[in-house]
Amino acid sequence: MGKYTVVTGSLILIFLLWIGVAQGNENLDKDVIAQSPIQTIQQMNDKMTENTIRTSRWHIYARNNDPNTMTKSTFEEFVQQNKGQLSMFDWAKITYENGNEVWEGIRTDINQTVTERVTLTSIRVADDEYQAYHTYNASMIPIKHDGNTEFSMLFDNVQSPEWLQQSEFFVRAEGVLPENSADDFEKWGTEITQTFSANVVESLQEASFVSISAYAPFLGTPLEANGEPMNLQIALRKNEQGLGGETTVTIGTPIITAEY
């Protein structure tokens, strides 16, 4: 599988890529019931605990692209509506170029353990005609075993903007294997996969790295890999710097949305 990286480029290029992914996913299994990303985090944390993996950070990423166009004034109204609804965020316009506009809202909790970031983006496609995509990105240090109270109330449908409720979510957990337990990467990868009751779709093993893509029915809507459903990625990497280097574990659904 190699490394997954989030690549920045022009807004239009990103937008077109997202549309392509969304259209490709329309043909996948639609009978799977969506669940809250908080529920997914709790499930992943339970599985990591079963494998004695020490969780170090949780991540939630969501994206939504609206296929409908809007006028500039409509987008400005949309931004003001979100700024009012998400008043716990600090808002600023971070980009305005060639008619393309990006607003960003950031929230950090009082303990400095949670950071949440919202972006609202408009892309000019014609004279006074815009398409929009929006993202939500959160990172949390798990100071508790239960993450339900750590994030903001955005995952309560009463508080959540409509676009976020309709977004595609990606959840990721990072952790570390117990000391002196990383001698057999393949064994650890297999055991973690079995804990999720997942079927392996493809895998890659190197001297200090293992990557597994699999399908776990309980995790929700899958993507497609080599013609098969896939909604779980597991990566183990040994840090060979220094004595007794740690082995990091990254688990993501439906994919890992970062370099690992």
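Read-outs throughout are calculated quantities, based only on the coordinates presented, and are distinct from any laboratory measurement. Only a predicted model underlies this, so the values are computations on that prediction, with no experimental measurement involved. Backbone-built Cβ (ideal geometry, glycine too); neighbour counts: all protein chains shown.
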Quiz item: In what sequence, highest mean first, do 132-141, 92-101 appear when ranked by Cβ atoms within 10 angstrom?
Solution: 132-141, 92-101
Quiz item: Bin by bin, in steps of 5 Å, what percent of the Cα pairs in segment 189-260 do you find, going until the bin that has the longest distance?
Solution: 4, 17, 27, 23, 16, 7, 4, 2, 0
Self-check item: Using a Förster distance of 41 Å, the FRET efficiency for residue 179-residue 71 (Cβ separation, nearest 0.05)
Solution: 0.10
Exercise. Mind giving me the nanometre distance, one decimal, between the label points for residue 127 and residue 165, set 7 Å out from Cα along Cα→Cβ?
Key: 3.8 nm
Quiz item: So, in nm, how far is label residue 46 from label residue 239 when the simple model puts each one 7 Å beyond its Cα toward the Cβ?
Solution: 3.0 nm
Quiz prompt | Inter-centroid distance (Cα atoms) of segment 111-142 relative to segment 168-231, Å | solution = 28 Å
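When Lys and Arg each count +1 and Asp and Glu each count -1, what net charge do the other residues less than 13 Å away from residue 64, Cβ to Cβ, add up to? Walk me through the numbers on the way to the answer.
On the way: positive: 63; negative: 66, 162, 168.
It works out to a net charge of -2.
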Quiz item: For labels at residue 100 and residue 258 in the simple 7 Å Cα→Cβ model, what's the distance in nm?
Solution: 2.5 nm
Self-check item: FRET efficiency estimate (nearest 0.05) - Cβ-Cβ, residue 205 to residue 226, R0 25 angstrom
Solution: 0.90
